[in-house]
Amino acid sequence: MKQLLFKYMTKFTNLSEEEQQKITSEIPVESFPKGTILLHQGEVPTKCYFVLEGCVRQYAVHENGKEVTSNFFTEEQAVSIFNSHRTDKASEYTLVCLEDSVLVVGHLDVERDMYDKYGQLEAMTRKMIEEMFGQVQEEYAAFIAATPEERFKSLLHRRPELIERVPQHQLASYLGMTPESLSRIKKRLSRP
């Protein structure tokens, strides 16, 4: 399982295999069963995660009771709530495992120590965040300009595995449509 982590480290750093081994020996990897809530909306996050295996859903429940899915994190994706700009530091989202998951667990209170100990780790984290932020910006711009059908086609192109891994009502919420609309689009696109 840690091979996925080594692969990712190699992509963003030039750490030696020995340095990678040292870092990964200090980073906790934990298994979480399907349904585990990693963070409740309104809690202050103390951990961040990196998905080695599984799927984590990010969602919020709005004042009207409507649940809105904003992201799914799968293999080789970092799961973090960036809210240090907020005065109360509370998360606006809930994070839940949609599948049995194996995650690297980063404790935010020891992050600085790890960076001091392994200088390239901070550079790696920054590069990961820059890549993730750039991807989010591109996806958001495309999402806003797209029709519901175009959103679904984009998802089929970018992340087809989600179609089978995620319940349809959550996928519809993520795409900004009703489950019925998603059903109609899927049916229309499956016709020869």
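The values are calculated or read from the model by the stated rules, or taken from the named source; none is laboratory data. These figures come from a predicted structure and were not determined experimentally. Quick reminder, even Gly has a Cβ in these numbers, built from the backbone with ideal geometry, and neighbours come from all protein chains shown.
See the values below:
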quantity	calculated
Residues satisfying the stated conditions in region 1-49, i.e. touching a Ser or Thr at 6+ places or on another chain (Cβ under 6 Å) and among the hydrophobic types (A, V, I, L, M, F, W, C)	5, 32, 39, 48
Of the criteria (1) under 16 Å from the mean Cα position of the chain (by Cα); (2) basic (Lys, Arg); (3) surrounded by fewer than 13 Cβ atoms within 10 Å (Cβ to Cβ), which one residue 159 fails	(3)
Candidates 32, 6, filtered to the one that is aromatic (Phe, Trp, Tyr), within 16 Å of the chain's Cα centre (by Cα) and either surrounded by fewer than 16 Cβ atoms within 10 Å (Cβ to Cβ) or at pLDDT 80 or above (or both)	32
Residue in region 79-96 that is assigned to a loop (DSSP other than H, G, I, E, B), in contact with a His (Cβ under 8 Å, 6 or more places away or on another chain) and either of a type outside the set (Asp, Glu) or in the same structural domain as residue 42 (by TED's automatic domain parsing) (or both) present	yes
Yes/no for residue 18 being more than 20 Å from residue 130 (Cα to Cα), free of Cβ contacts under 8 Å to residues at least 60 places away in the same chain, among the acidic types (Asp, Glu) and not in a strand (DSSP E or B)	yes
Residue tally, condition without any contact (Cβ under 8 Å) to a residue 40 or more places away in the chain and touching a helix residue (DSSP H, G or I) at 6+ places or on another chain (Cβ under 6 Å), over region 116-139	1
Condition check for residue 187: of a type in the set (Lys, Arg), in a helix (DSSP H, G or I) and surrounded by 12 or more Cβ atoms within 10 Å (Cβ to Cβ)	no
